[in-house]
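To keep things clear, I will list the structure first and then write my remarks on it.
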Number of protein chains: 2
Amino acid sequence: MRRMPGRNLRHNSGPSRAFDLQKFLATRSEAVNRALDHFLPAATVRPATIHKSMRYSLFAGGKRMRPALCLAAAAACGGREAEAMPLACAVECIHTYSLIHDDLPAMDDDDFRRGKLTNHKVFGEGIAVLAGDALLTQAFEIAARCKGWPRYPHREIILELASASGSLQLIAGQVADLEAEGKKISARHLRYIHERKTSALLCCSVRLGGMSANCPAAQLKALTDFGYHVGLAFQVIDDILDVTQTSETLGKTAGKDTRAQKATYPSLIGLEKSRKIAADLTTRAFSSLRAFRGKADALEALAGFLLKRDR
Amino acid sequence: MRRMPGRNLRHNSGPSRAFDLQKFLATRSEAVNRALDHFLPAATVRPATIHKSMRYSLFAGGKRMRPALCLAAAAACGGREAEAMPLACAVECIHTYSLIHDDLPAMDDDDFRRGKLTNHKVFGEGIAVLAGDALLTQAFEIAARCKGWPRYPHREIILELASASGSLQLIAGQVADLEAEGKKISARHLRYIHERKTSALLCCSVRLGGMSANCPAAQLKALTDFGYHVGLAFQVIDDILDVTQTSETLGKTAGKDTRAQKATYPSLIGLEKSRKIAADLTTRAFSSLRAFRGKADALEALAGFLLKRDR
């Protein structure tokens, strides 16, 4: 059969074809919002304060990068996005809880997040602590509602989520970050922090996506490498943006890290070297996608986006 | 075969036999401590601060009532205590996290708990928030390590734990408690608070114990009734003790509720009526144990102990 000229030109023109990332992000973010709205108690459910507070931060305009990565990983492994959805939502609940607690006066003491007042500035510290607790708990409830897969039954899914969020990973990163404030630390220690504060949950997001497709071990390994490197790149870029952007563009207080004497890549090794490291990490992320033989266009586009973003 | 005189006299002399509760509590509490020590990262594991902080509160001399109830429920349903152990530990982690966050300045602002400085007084507020988060996360990790049972696979176990600890139960109780401070509330609203703040997790403890024995629905229903009534009684007694005992006996700041203008049973309906209610609730708890036809002696003894305790 003769190939029709121009047919599938936009969507099937080899490795250099243009993947419509904006459309992907817009449709997936909408789907994730609908699913989160479905999983969470309504804002009117008693006690209304806690559900309003949970929803305030959950729907404060987050980019849904982690859910997008989870859904894209599921697609790369030939899975159905609908089956990955509870896991994508669970990861976003974990991410949001960590931001709420991170913004507390006892931690980073931030008044703005994504251009809006932080949770404790609106609801008070007590409710903000509880809203974080509730989102963390909700994450496990939502994850438990997933289908479960032959290679990855519910037990494995919950262990994956708990270990990425626990005291050896996500929380270890927060603790190390808190303890490093105002101290001179090594680039090696900074990487330890970034691996836990950011890579752990990004890595978990793509791994859970793959698991929801019942992916074989080799694909899970490739996703792990991808998530690890994208995660590190993401955090290095966050550090860079904090130095180079204004608060207005960023939607949060810029220059905060410098003022809080936080160790960051730019402060430790300079801006240009930091940019080089971010680019290198992304290259390594891209090469882990080779295992998917061109089926990981969404993941590839997301990684590119994370490096090129300006806020 | 002729029954030997005196044989099994102590342990098998009918419904009025003396169950050795002190021994039960001592042995189980020791076993729970060993299991918790096994499940939690060592205090030296990096970052050491968070593991020291988690362990500080977890091993601060808690009575292990929830684990004891969980193990006793498992025994009442003919289950093996070893199989109930991860669930008993998970419930204790949830309980401890809720105490750490509850004691924070933004919440109850308490300096002492069980006769020791509260977590944030020792480790600072930031670490206390994170230690609570870590224990909550750890609870799900430990629960996921359970065996799983035909009637109650991992999915059901996680949903049980998440729903009892979530924004409609345990956290709802904390929120309602926080919001009721300094306000005049009805006895009905106070019961709403107690049901969530205390009954939810006690109920979950005995239900999980039953589940670990793969108990039939009727036994689960009996355990639910038992947990609900014991939980309410427990909280009413806590309120009573806060009024009647000194800080020294209690191991925490006594009279705190009154000073914080917290709604309590004694403040709403008086001390004598409160005592009557606690006794009534315990009677109802006892009657739900009839379903176990004399096999629930540990649960029965625990319920008695909860009513008779003086601190």
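The values are calculated or read from the model by the stated rules, or taken from the named source; none is laboratory data. Only a predicted model underlies this, so the values are computations on that prediction, with no experimental measurement involved. No Cβ is skipped: glycine too gets one built from the backbone with ideal geometry, and neighbour counts run over all protein chains shown.
At a glance:
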| quantity | calculated |
| --- | --- |
| Residue list for the range B:41-59, filter: polar (S, T, N, Q), surrounded by 22 or more Cβ atoms within 10 Å (Cβ to Cβ) and within 11 Å of another protein chain (Cβ to nearest Cβ) | B:S53 |
| Positions within the range B:261-283 being surrounded by 16 or more Cβ atoms within 10 Å (Cβ to Cβ) and either at pLDDT below 80 or more than 17 Å from B:I193 (Cα to Cα) (or both), in sequence order | B:K262, B:A263, B:R275, B:T282 |
| Of the criteria (1) buried (at least 22 other Cβ atoms within 10 Å of the Cβ); (2) more than 12 Å from chain A (Cβ to nearest Cβ); (3) not aromatic (F, W, Y), which one B:R34 fails | (1) |
| Residue within the range B:131-138 that is farther than 20 Å from A:L168 by Cα and more than 8 Å from chain A (Cβ to nearest Cβ) present | no |
| Qualifying positions in the range B:141-187 - within 30 Å of B:R80 (Cα to Cα), more than 7 Å from chain A (Cβ to nearest Cβ) and in a helix (DSSP H, G or I) | B:I142, B:A143, B:E156, B:I157, B:E160, B:L161, B:A164, B:L170 |
| Checklist (1) touching a residue at least 40 places away in the same chain (Cβ under 8 Å); (2) at the interface with chain A (Cβ under 10 Å from one of its Cβ atoms); (3) over 29 Å from A:R145 (Cβ atoms) applied to B:P105, failing item | (1) |
| Segments classed as helices (runs of 4 or more DSSP H), wholly inside the range B:31-118, with at least 2 members that are closer than 29 Å to B:R293 by Cα and at pLDDT 95 or above | B:65-76, B:81-102 |
| Close pairs (6 angstrom Cβ cut-off, 6 or more residues apart or separate chains): within 16 Å of A:I94 (Cβ to Cβ) and at pLDDT 95 or above in the range A:127-141, among the small types (G, A, S) and part of a helix (DSSP H, G or I) anywhere | A:A131/A:S53; A:T137/B:A162; A:T137/B:S165; A:A139/A:A90; A:F140/B:A162; A:E141/B:A162 |
| Residue ID - surrounded by the fewest Cβ atoms within 10 Å (Cβ to Cβ), chosen from residues in the range B:62-105 that are within 12 Å of the chain's Cα centre (by Cα) and of a type in the set (D, E, K, R) | B:K63 |
| Matching entry among A:S199, A:S212 (being surrounded by 18 or more Cβ atoms within 10 Å (Cβ to Cβ) and either within 12 Å of chain B (Cβ to nearest Cβ) or under 13 Å from the mean Cα position of the chain (by Cα) (or both)) | A:S199 |
| Qualifying residue in the range A:242-260 (condition: at pLDDT 90 or above and either on the phi > 0 side of the Ramachandran plot or among the polar types (S, T, N, Q) (or both)) | no |
| Evaluation of B:G62 against (1) within 14 Å of chain A (Cβ to nearest Cβ); (2) in contact (Cβ under 8 Å) with a residue 40 or more places away in the chain (one fails), failing number | (1) |
